[in-house]
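Data first, discussion second: the structure below is written as structure tokens.
The values are calculated or read from the model by the stated rules, or taken from the named source; none is laboratory data. Quick caveat: nothing in here was measured; it's all calculated off a predicted structure. Note that we place each Cβ from the backbone using ideal geometry, even for glycine, and neighbour counts take in every protein chain shown. We work out accessible area using only protein heavy atoms, side chains counted, and drop any ligands, DNA or RNA first. Shrake-Rupley method; radii C 1.70, N 1.55, O 1.52, S 1.80 Å.
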Amino acid sequence: HTLASPYTSRRCQYVLKAMHCAIGRQAATQAIPISESSAHRRSWVCSRVSPESLKFQAPVRFRARRCTTSRVFDPFSMDADEALARQLQAEEFEFVRLGPQQSAEAQFQASINDGVNRALSYEVREAQDAARAVMPLARLRAEVADAAQLSRDMGDAAPLADNDALVVAMLGWFKTEFFTWVDSPPCDRCGSRATRGIGPAEPMAEEQAGGAGRVEAYQCTACLAHVRFPRYNSPVRLLQTRRGRCGEWANCFCLCLRAAGFEARWVHDMADHVWCEYWSQSHRRWLHVDPCEAAHDTPLLYEAGWGKQQSYVLSFGRSGAVDVTRRYTSNMDATTLRRTQVPETWLMAALQQATQQLRAHASAGNLAQWSEQAVSEAADLAAAGRPHAAPTPHSLPGRTTGSEQWRRERGEAGAGAASGAPPPPASSGTAWRRAPCVLHAGGAAYGGAVR
């Protein structure tokens, strides 16, 4: 039979499991005509099952997937089961009518719940203490002060306010000194980087303690040893491992921003990328920061540089959950046509509920501050998402993290990838800014740039 939906599959599994328990393996791959009368079913079973196969144990108790109680199965008296079959059929019809939309909403809700949990994890005092213990904040602040003093000595204004320059300094430190990108993990035994993926592996208890819901398994081509790459979700654990892909990078860096005293958000792009935002006191708005690319305040990097087509971009922080898609597109009208996964009214209600969860234990002072920020952001988003003053694709680079083949396969290598040309240099007239370009008084830069 063609399985039209999960409920059809469950009903068939229910019947097949019952037959397997009652009349042996010979009949387990055949379907009982559940729509026929009890007498017809009895004759159908007797005509297809030999007497030897009916020498089975006493009626077996089992639990069907959709049952709430255990029931005794008797292959020659199935009237009791017909009600269950009809119930499953009714549920299937309901699934066909509403199921796909409900399924999409359930998946979307799971994503929102994940964002809420991540944002709450950054507020744990012990987590922030652990981040401050590994961050050279004193050194970074000194470098920012030196750069600002050099600008004043040369008669120029500082390129960034101190707090914004500190975020830029953190981006450079995080990318060049602290965290490492992983295409495939090196061999733990011989140190070779020639490892190949062999599929997923079950997380061990220690890995699950670090929030690893899945593990990638690799094999060293030199010594044939197996290598595990747990995809940790705990930002504290990532402070220790210091490696991963964009998911790990953004997760850990968002904790570092909160530990440094910034209002920060974890941002999830449903087109398969993650990054951060922080509230800039000098600009009075939320600014984009991507630790993987060491990119600062370049929200159109993904659309105009990487060539991504945005649909949903959601941000999560202690101040709330916000749909910030307009900030990351220059054509919201075209983006809206791709937003078909859930109704807009449902999304708005889900984000409001998530905001209530995130603000559940906030002080009156924080709530007042966040309300002011929300008003400012609403105006900022209303003005975004329009093609005016948008950079051309050539003014923003393609993705720089990950192997070249991987970036090309994802279509994120940028407009210059086909010719092999490097990204154009930054200038005062472009929206692209590599984070390290404004820091060192001595003229040295940090160096720039999925889950």
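Compare His268, His288 by solvent-accessible area with a 1.4 Å probe and give them largest first, with all protein chains kept in place.
Working: His268 25, His288 0 Å².
Of His268, His288, the descending order of accessible area is His268, His288.
His296 accessible area, nearest 10 Å², 1.4 Å probe?
Rounded to the nearest 10, that gives 0 Å².
Applying the Karplus parametrisation 6.51 cos²θ - 1.76 cosθ + 1.60 with θ = phi - 60° to the phi angles of the stretch 164-176, what ³J(HN,Hα) value in whole Hz is obtained for each residue in order, glycine and proline being reported as x?
5, 5, 5, 4, 4, 5, 5, 4, x, 4, 5, 6, 9
Going by amide H atoms built from the backbone, whose H comes under 5 Å of the H on Arg285, apart from near neighbours?
When sequence neighbours closer than 5 places are left aside, the close amide H contacts are Ser280.
Step through the residues of the stretch 251-260 one at a time and calculate ³J(HN,Hα) from phi using the Karplus curve (6.51 cos²θ - 1.76 cosθ + 1.60, θ = phi - 60°), rounding each to whole Hz and writing x for Gly and Pro.
4, 5, 5, 5, 4, 4, 4, 5, 5, 7
Name the long-range amide H neighbours of Val324: under 5 Å, sequence gap of 5 or more, or other chain; modelled H, no Pro or chain starts.
For Val324, whose amide H was placed from the backbone, the distant partners under 5 Å are Val313, Leu314, Ser315.
Roll a 1.4 Å probe over the protein heavy atoms and report the accessible area of Glu248 in Å², nearest 10.
Answer for Glu248: close to 10 Å² accessible.
Going by amide H atoms built from the backbone, whose H comes under 5 Å of the H on Cys223, apart from near neighbours?
none
Just to be sure I understand the model, the point goes 7 Å from the Cα along the line to the Cβ. What's the resulting Gln369 to Gln309 distance in nm?
So the two model labels end up 4.1 nm from each other.
Looking only at the stretch 232-267, which residues have a backbone nitrogen under 14 Å from a spot 7 Å from the Cα of Arg214 in the C-beta direction?
It comes to 232-233, 245-248, nothing else.
Quick one: Karplus J couplings for the stretch 369-379, per residue in order, coefficients 6.51, -1.76, 1.60, θ = phi - 60°, nearest Hz, x for Gly and Pro?
Whole-Hz 3J(HN,Hα) from phi for the stretch 369-379: 5, 5, 5, 5, 5, 5, 5, 5, 5, 4, 5.
Quick one: if you stick a label point 7 Å off each Cα along the C-beta vector at Asn117 and Gln353, how many nm between them?
Output for this residue pair reads 1.6 nm.
Per 0.36 nm of contour for each residue apart, how much would the distance between Arg141 and Thr176 grow if the chain were fully extended, relative to their Cα-Cα spacing?
Details: separation 35, 0.36 × 35 = 12.60 nm, distance 1.71 nm.
Roughly 10.9 nm would be gained on extension.
For the modelled label position 7 Å from the Cα of Ala382 along Cα-to-Cβ, which residues of the stretch 256-293 have backbone nitrogen atoms closer than 17 Å?
Label zone hits: 285-286.
Once you keep just the Cα pairs under 8 angstrom separated by 6 or more residues, what percentage relative contact order results for the stretch 137-206? Don't jump to the answer; show the numbers that get you there.
Details: 30 pairs, mean separation 13.4, N = 70.
Value for the stretch 137-206: 19 percent.
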